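Novice: I'd like to ask you about the structure that follows.
Values in this text are rule-based calculations from the coordinates and carry no lab data. Because the structure is predicted, anything quoted here is derived from the model rather than measured. Because the Cβ atoms are built from the backbone with ideal geometry, glycine has one as well, and the counts that use them run over all protein chains shown.
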Amino acid sequence: MKPTEPSFRESVDIMFNRAVALMDLSPGLEEKIRVCNATYTVRFGVRLRGKIETFTGYRSVHSEHMEPVKGGIRFATSVSQNEVEALAALMTYKCALVETPFGGSKGGLCIDPRDWEEHEMEQITRRFAYELAKRDLINPSQNVPAPDMGTGEREMAWIADQYRRMNTTDINANACVTGKPANAGGIQGRVEATGRGVQYALREFFRHPRDVAAANLSGTLEGKRVVVQGLGNVGYHAAKFLQEEDGAKVTGIIERDGALHDEAGLDVEAVKAWIGKHGGVAGFPDATHHADGATVLEAECDILIPAALEGVIHLGNAERIRAPLIIEAANGPVTAGADEVLRARGTVIIPDMYANAGGVTVSYFEWVKNLSHIRFGRMQRRQEEARHLLIVSELERLSRDTGTGWELSPDFKDRYLRGADELELVRSGLDDTMRIAYQSMSQVWHERADVQDLRTAAYLVAIDRVAKSYKAKGL
Ligand code: GLU
């Protein structure tokens, strides 16, 4: 990265400032929204392998215009106050854009989870959770963490259990964290939610011919060449769904140890299995391996999906990125400087605060489920089936009685008669959320002559909602 590149936190602020310059906010409100309300730093010791290991963690609260505040907890060596604050700010805007009733927060622990055994990770996670919970930085009504890089269902289950032990009479204890395993208060479809959201975002994008044309593309997702950077939870699910369900061709996969490229399309499942077994993409038999991942990041393709760390597209490589469409599955993968360069070149960027909002959207459903203490669909499913059966039986009777000989195909009957289960409801809610949020962004992009990109449009929609909520509170 060139030395002139701003930090991640500054990058988010630059993008925010570009948007507020086009708004008419009351004096001081702009600053109030931009700043991070508080960041708590915790240093704690855990006795491991015969000695005390000290860890540093953070939980940053960016905006409490709505509570609880929401955002993941990241376990990575890159974690710093700057990073956590940038991510917390993005959570505020993300939640506002997709209309999940939360403020923004983010946490992180500076650790490489691969350095520790499972039981050690449990000790460390529980201790971190204890430190946060006793300060209400984990709490169903105030601050609700979720998975992020380096964390998943396992960590969320430990955190929930830790909170429960400390709050034995809290009937809503399960709602203190989202992304829990299905058998421990979780919801169907949360694990793949962010990747699924990326798929729904792209589907919605391709429903807008004008937007597609702005990216110099045409048609649908069918046959589009996709390059994915990072085959973690988000990148893997996005690539898999786009390949299996939309007919896109995954021509490139970039990982820590280089990249794979195949114009005919890579088998995402096979690559994932290879990484699981060998720890990287090197040696994968059915594709060309490039030791330098940049070769594939800069390769010709239709859609580039950065799905790992922030800042991977920066001033040093932005000029060489050839994809006409970038969808930011990761948070902050394009720096403010690179954003400028790409915008000038006409690259369309579907911004992070929208593109990866599938995770927090399904987290919202999980939180609601936990608070209502009932699985989605439990009351309606069979009743819905009974009513559908009524229609089908009546149609069949009419066909018989009038002698028309019409027959409903067995496939139609099966599908129509089946009442929606939790997973179907989650998908429907996520799809609806992603469609509506895209439309609100796209509308601003096209209606305002001073808005030239989707990111600025997204910020305008989000900031306007946050501002309105502050105003309603009398601030
Ligand atoms: N860590 C995810 C994000 O950055 C999910 C947050 C959540 O579900 O609260 O959006």
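Novice: For segment 362-368, just list the computed ³J(HN,Hα) in residue order, Karplus coefficients 6.51, -1.76 and 1.60, θ = phi - 60°, integers in Hz, with x standing in for Gly and Pro.
Specialist: Calculated HN-Hα couplings, in order: 6, 4, 4, 4, 5, 4, 4 Hz.
Novice: Okay, moving on. Pairs Lys180/Lys473; Lys70/Lys369; Lys32/Lys94: which exceed 21 Å Cα-Cα?
Specialist: Working: Lys180/Lys473 33 Å; Lys70/Lys369 16 Å; Lys32/Lys94 17 Å.
From the list (Lys180/Lys473; Lys70/Lys369; Lys32/Lys94), the Cα-Cα distance tops 21 Å for Lys180/Lys473.
Novice: Quick one: grab the alpha carbon gyration tensor of segment 238-303, order the square roots of its eigenvalues as a ≥ b ≥ c, and give me rounded if a/c is under 1.5, else prolate or oblate depending on whether a/b is larger than b/c. Walk me through the numbers on the way to the answer.
Specialist: Working: a/c = 1.92, a/b = 1.17, b/c = 1.64.
Oblate shape, in that a/c is at least 1.5 and b/c is the bigger or equal ratio.
Novice: Amide H neighbours of Ala38 under 5 Å, at least 5 residues apart or on other chains, H built in the peptide plane: list them.
Specialist: For Ala38, the qualifying residues are Val61.
Novice: Once each part is reduced to its C-alpha centroid, what is the distance from segment 1-48 to segment 325-403 in angstrom?
Specialist: Cα centroid to Cα centroid, the span is 30 Å.
Novice: When a footprinting reagent is the concern and you count Cβ atoms within 10 Å, what order do Thr251, Thr220, Thr41 take, fewest first? Mind showing how you got there, number by number?
Specialist: Working: Thr251 24, Thr220 15, Thr41 11.
In increasing order of surrounding Cβ atoms, one gets Thr41, Thr220, Thr251.
Novice: Among the trypsin sites (Lys or Arg not before Pro) within segment 64-158, which fall in a DSSP loop and have no more than 11 other Cβ atoms within 10 Å of their own Cβ?
Specialist: Lys134
Novice: Next up: Tell me which residues come under 5 Å, amide H to amide H, from Asn143 once H is placed; ignore anything under 5 positions away on its chain.
Specialist: Val69
Novice: Okay, next question. Grab the DSSP H runs of the chain that are 4 residues or longer, score each as -39,500 (n - 2.57), total them, divide by all residues and round the 222 nm result to the nearest 500 deg cm²/dmol.
Specialist: Theoretical 222 nm ellipticity from helices: -14500 deg cm²/dmol.
Novice: Restricting to DSSP loop positions (anything but H, G, I, E, B) with no more than 13 other Cβ atoms inside 10 Å of their own Cβ, which trypsin sites (Lys or Arg not before Pro) remain in segment 23-55? List each step's numbers first, then the result.
Specialist: Details: sites: Lys32, Arg34, Arg43, Arg47, Arg49, Lys51; in loops: Arg49.
Passing both the DSSP loop test and the Cβ count: Arg49.
Novice: Read phi for every residue in segment 381-392 and hand back ³J(HN,Hα) as whole Hz from Karplus 6.51 cos²θ - 1.76 cosθ + 1.60, θ = phi - 60°, with x for Gly and Pro.
Specialist: 3, 6, 5, 4, 4, 4, 5, 5, 5, 4, 5, 4
Novice: Would you work out which of Ala76, Phe128, Ala458 lies farthest towards the positive end of the dipole of the chain? Charges go on Cβ: Lys and Arg +1, Asp and Glu -1.
Specialist: It is Phe128, whose Cα lies furthest towards the positive end.
Novice: Additional query: About the Cα centre of segment 332-475, what is the dipole size in debye to 20, counting +1 per Lys and Arg Cβ and -1 per Asp and Glu Cβ, all else neutral?
Specialist: Dipole about the Cα centre, nearest 20: 500 debye.
Novice: Using the Karplus curve 6.51 cos²θ - 1.76 cosθ + 1.60 with θ = phi - 60°, what ³J(HN,Hα) values do you get for each residue of segment 29-37, in whole Hz, with x for Gly and Pro?
Specialist: Taking θ as phi minus 60°, the curve returns 5, 4, 5, 4, 6, 5, 6, 7, 4 Hz for segment 29-37.
Novice: Please arrange Trp367, Trp116 by how many other C-beta atoms lie within 10 Å of their C-beta, fewest to most.
Specialist: If I rank by nearby Cβ atoms, fewest first, I get Trp116, Trp367.
Novice: Name the shape class, rounded, prolate or oblate, that the alpha-carbon gyration tensor gives for segment 296-384, where a ≥ b ≥ c are the square roots of its eigenvalues, rounded holds for a/c under 1.5, and otherwise prolate holds if a/b is larger than b/c and oblate otherwise.
Specialist: prolate
Novice: Let me ask something additional. So if I take the centroid of the Cα atoms in segment 135-162 and the same for segment 260-307, what is the distance between those two points in Å?
Specialist: Centre-to-centre (Cα) distance: 32 Å.
Novice: Which of the GluC sites (Glu not before Pro) found in segment 291-323 are loop residues per DSSP with 14 or fewer other Cβ atoms within 10 Å of their Cβ?
Specialist: Glu300
Novice: Hey, with R₀ at 25 Å, roughly what FRET efficiency would Gln123 and Glu99 work out to, going by the Cβ-Cβ distance, to 0.05? Could the numbers behind the result be given before it?
Specialist: Numbers: r = 38 Å, r/R0 = 1.53.
Plugging the Cβ-Cβ distance into 1/(1 + (r/R0)^6) gives 0.05.
Novice: Show the residues, 5+ positions off or on another chain, whose built amide H is closer than 5 Å to the amide H of Leu315.
Specialist: For Leu315, whose amide H was placed from the backbone, the distant partners under 5 Å are Lys2, Ala338.
Novice: Also, I was wondering about something else. What does the charge dipole of the chain about its Cα centre add up to, to the nearest 20 debye, if the Cβ of each Lys and Arg holds +1 and the Cβ of each Asp and Glu holds -1?
Specialist: For the chain, the charge dipole is close to 1300 debye.
Novice: As a test, work out the antiparallel percent of DSSP beta bridges whose residues both lie in the chain, rounded to the nearest 5. Write out the running numbers ahead of the final one.
Specialist: Details: 25 of 49 bridges.
Rounded to the nearest five, the antiparallel share is 50 percent.
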